[in-house]
Amino acid sequence: MIKFNWQIIGHKPIISYLQAMISNNTLGHAYLFYGLNGLGKNTLAQYFIKSIYCCSNQSPCDSCAHCRQIVRQIHPDIIYLECQPGKKNITIEQVREARAKIHRGTFLNSHKIIFIRDAQTLSLAAANGLLKILEEPTAKTIFIFLTPTLKGIPETILSRVQVIKFLPVPLKELEGYLIKKGLDKSQAYQLAHLSQGCPGRVLSLLGHSKLLAEYQHGQQILLSQISADLNSRFALVEKLAGQAKSEKSQQNAAQFLAQISCLMRDALLVKNLCFDKVTHVNLKSELANFSAPYSSLRLAALLNRIKMTQRYLGQNVNLRLALENLVLEF
């Protein structure tokens with residue numbers, strides 16, 4: 001009887017399902033995990049893979065040769081497919097190389113796993129190349145796809161995999177986990193809400209109270225900047241879009257839009273007294289002051305305008321103009 005040792009926050013139904021398939025030796029040949037970044041898809045996939053290979057009854061043991069090789073990504077029967085640095089897509093050449101490795105058989109007379117991170121970056125040719133081995137998999141071949149969204153995943157692939165959706169972790173559950181890790185109730189409450197149900201977004205802040213304080217102070221400054229006079233808001237745009245066509249400016253603008261989108265959502269929640277759903281719980285009084293001059297309808301309209309500007313960024317629009325038009329709305 002296998003005793004599983006999966007240190008995962010949340011996702012109990014998914015964990016039970018995958019562990020039962022390992023215990024009963026009823027593994028499928030293809031799985032697709034999808035959900036927001038930071039939910040724990042990659043971490044859970046790692047535990048799943050380790051437990052498929054682990055030699056111990058305490059699985060994973062993290063000490064056997066299989067576990068150690070998986071941690072170092074050098075296991076001979078695991079093929080990793082992911083977008084290479086500087087590239088936009090997983091290429092057909094990478095898929096062809098993976099197919100050649102699959103047909104060589106296993107080194108250890110066990111399963112052969114193809115682990116595909118960021119599956120939404122598969123080029124159309126790469127996806128079609130994978131389809132050939134998905135339709136007629138070799139014995140004991142398992143595909144594991146990870147993606148934050150189903151957008152861009154061809155229907156031909158979706159119809160041949162078990163699609164497993166990851167949902168946000170309940171904040172109370174995450175808060176309890178953080179308290180067990182040694183945080184006081186106030187810190188755990190703040191971090192849990194800051195995560196928006198995605199543990200991966202805040203676990204890196206554990207034991208780094210200075211980083212948390214710096215982030216919270218930055219959000220406080222940002223809130224004051226977008227509510228300042230027009231000249232100050234345009235100066236902020238100038239700082240963000242100084243080199244409008246550079247990748248750095250695009251990244252800065254995307255981060256700015258994501259941050260003010262979250263702040264506008266919080267302002268709308270505070271306006272409607274939904275304090276338990278606010279992300280930046282340390283800024284409740286500042287959010288109340290910010291939202292006071294606005295109606296709920298106006299705050300919702302601002303939130304929609306931010307989301308529209310986010311879509312514009314992917315459409316090769318003039319970055320400076322898009323941001324200036326946005327800050328004019330505040």
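As a summary of the residue check, Gln46 satisfies the conditions (1) in a loop (DSSP other than H, G, I, E, B); (2) closer than 23 Å to Leu134 by Cα; (3) modelled with pLDDT of 95 or more except for the one numbered (1).
Take Ile92 and decide whether it is within 16 Å of Lys50 (Cα to Cα) and out of contact with any Asp or Glu (no Cβ under 7 Å at 6 or more places or on another chain). So Ile92 fails the test.
The rows are residues; the columns are (1) buried (at least 19 other Cβ atoms within 10 Å of the Cβ); (2) under 26 Å from Ala188 (Cβ atoms); (3) modelled with pLDDT of 95 or more; (4) not basic (Lys, Arg).
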residue	(1), (2), (3), (4)
Asp276	no, yes, no, yes
His280	yes, yes, yes, yes
Leu287	yes, yes, yes, yes
Ser295	no, no, yes, yes
Ala300	no, no, yes, yes
Asn304	no, no, yes, yes
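Return yes or no: is Ala213 within 22 Å of Ala288 (Cβ to Cβ), part of a loop (DSSP other than H, G, I, E, B) and at pLDDT below 95? No; evaluated as a whole, the condition is false for this residue.
I need the full set of residues from region 36-89 which are hydrophobic (A, V, I, L, M, F, W, C) and within 30 Å of His193 (Cβ to Cβ), in order please. Quick ask: steps written out before the conclusion?
Let us first name the residues in region 36-89 that are hydrophobic (A, V, I, L, M, F, W, C), namely 36, 39, 44-45, 48-49, 52, 54-55, 61, 64-65, 67, 70-71, 74, 78-79, 81, 83.
Correct list: Leu36, Leu39, Leu44, Ala45, Phe48.
Looking only at residues in region 84-105 that are modelled with pLDDT of 90 or more and in a loop (DSSP other than H, G, I, E, B), the one that is farthest from Ile142 (Cα to Cα) is Asn89.
Among the residues of region 239-266, the one identified as among the acidic types (Asp, Glu) and over 23 Å from Asn304 (Cα atoms) is Glu247.
With the structure loaded, tell me whether Ile14 is exposed (fewer than 14 other Cβ atoms within 10 Å of the Cβ) and touching a strand residue (DSSP E or B) at 6+ places or on another chain (Cβ under 8 Å) or whether it fails that test. Give the derivation first.
On the way: exposed (fewer than 14 other Cβ atoms within 10 Å of the Cβ): no; touching a strand residue (DSSP E or B) at 6+ places or on another chain (Cβ under 8 Å): yes.
In short, no.
Out of curiosity, is Ser159 assigned by TED's automatic domain parsing to the domain that holds Leu122 and of a type in the set (Gly, Ala, Ser)? So Ser159 passes the test.
So for region 160-172 (the condition being over 21 Å from Asn37 (Cα atoms), out of contact with any Ser or Thr (no Cβ under 7 Å at 6 or more places or on another chain) and surrounded by 15 or more Cβ atoms within 10 Å (Cβ to Cβ)), does at least one residue qualify? The answer is yes, given that some residue of region 160-172 is over 21 Å from Asn37 (Cα atoms), out of contact with any Ser or Thr (no Cβ under 7 Å at 6 or more places or on another chain) and surrounded by 15 or more Cβ atoms within 10 Å (Cβ to Cβ). If only one of Lys88, Lys12, Lys50 is under 26 Å from Glu175 (Cα atoms) and within 25 Å of the chain's Cα centre (by Cα), which one is it? Unique residue meeting the criteria: Lys12.
So, Ile133, is that one under 28 Å from Val71 (Cβ atoms) and either modelled with pLDDT of 95 or more or outside any helix (DSSP H, G or I) (or both) or not? No.
Residues are listed down the side, and each one gets a yes or a no for (1) in a helix (DSSP H, G or I); (2) on the phi > 0 side of the Ramachandran plot:
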| residue | (1), (2) |
| --- | --- |
| Asn128 | yes, no |
| Ile142 | no, no |
| Leu146 | no, no |
| Ile153 | no, no |
| Val169 | no, no |
| Gly182 | no, yes |
| Leu191 | yes, no |
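Residues checked against (1) free of Cβ contacts under 8 Å to residues at least 12 places away in the same chain; (2) assigned to a helix (DSSP H, G or I):
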{"residue": "Ala228", "(1), (2)": "yes, no"}
{"residue": "Ala235", "(1), (2)": "yes, yes"}
{"residue": "Lys248", "(1), (2)": "yes, yes"}
{"residue": "Phe256", "(1), (2)": "no, yes"}
{"residue": "Met264", "(1), (2)": "no, yes"}
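Report yes if Leu183 is over 21 Å from the mean Cα position of the chain (by Cα), crowded, with 16+ Cβ neighbours inside 10 Å and not assigned by TED's automatic domain parsing to the domain that holds Ser291, otherwise no. So that I can check it myself, show each step before the final result.
On the way: over 21 Å from the mean Cα position of the chain (by Cα): yes; crowded, with 16+ Cβ neighbours inside 10 Å: yes; not assigned by TED's automatic domain parsing to the domain that holds Ser291: yes.
When the stated conditions are applied, Leu183 passes them.
Taken across region 103-112, residues that are in contact (Cβ under 8 Å) with a residue 40 or more places away in the chain, closer than 23 Å to Ile74 by Cβ and among the polar types (S, T, N, Q) do occur, with at least one present.
Look at Ser204 and say whether it is free of Cβ contacts under 8 Å to residues at least 24 places away in the same chain, closer than 14 Å to Gly40 by Cβ and assigned to a helix (DSSP H, G or I). Outline the logic, then answer.
Working: free of Cβ contacts under 8 Å to residues at least 24 places away in the same chain: yes; closer than 14 Å to Gly40 by Cβ: yes; assigned to a helix (DSSP H, G or I): yes.
So Ser204 passes the test.
Scan region 22-29 and tell me whether some residue there is in the same structural domain as Ser159 (by TED's automatic domain parsing), buried (at least 20 other Cβ atoms within 10 Å of the Cβ) and at pLDDT 90 or above. Checked region 22-29: no residue is in the same structural domain as Ser159 (by TED's automatic domain parsing), buried (at least 20 other Cβ atoms within 10 Å of the Cβ) and at pLDDT 90 or above. The single residue among Glu286, Glu329, Glu324 that is among the charged types (D, E, K, R), under 20 Å from Arg233 (Cβ atoms) and part of a loop (DSSP other than H, G, I, E, B) turns out to be Glu329.
The values are calculated or read from the model by the stated rules, or taken from the named source; none is laboratory data. Quick caveat, the model's predicted, so the values are computed rather than measured. Note that we place each Cβ from the backbone using ideal geometry, even for glycine, and neighbour counts take in every protein chain shown.
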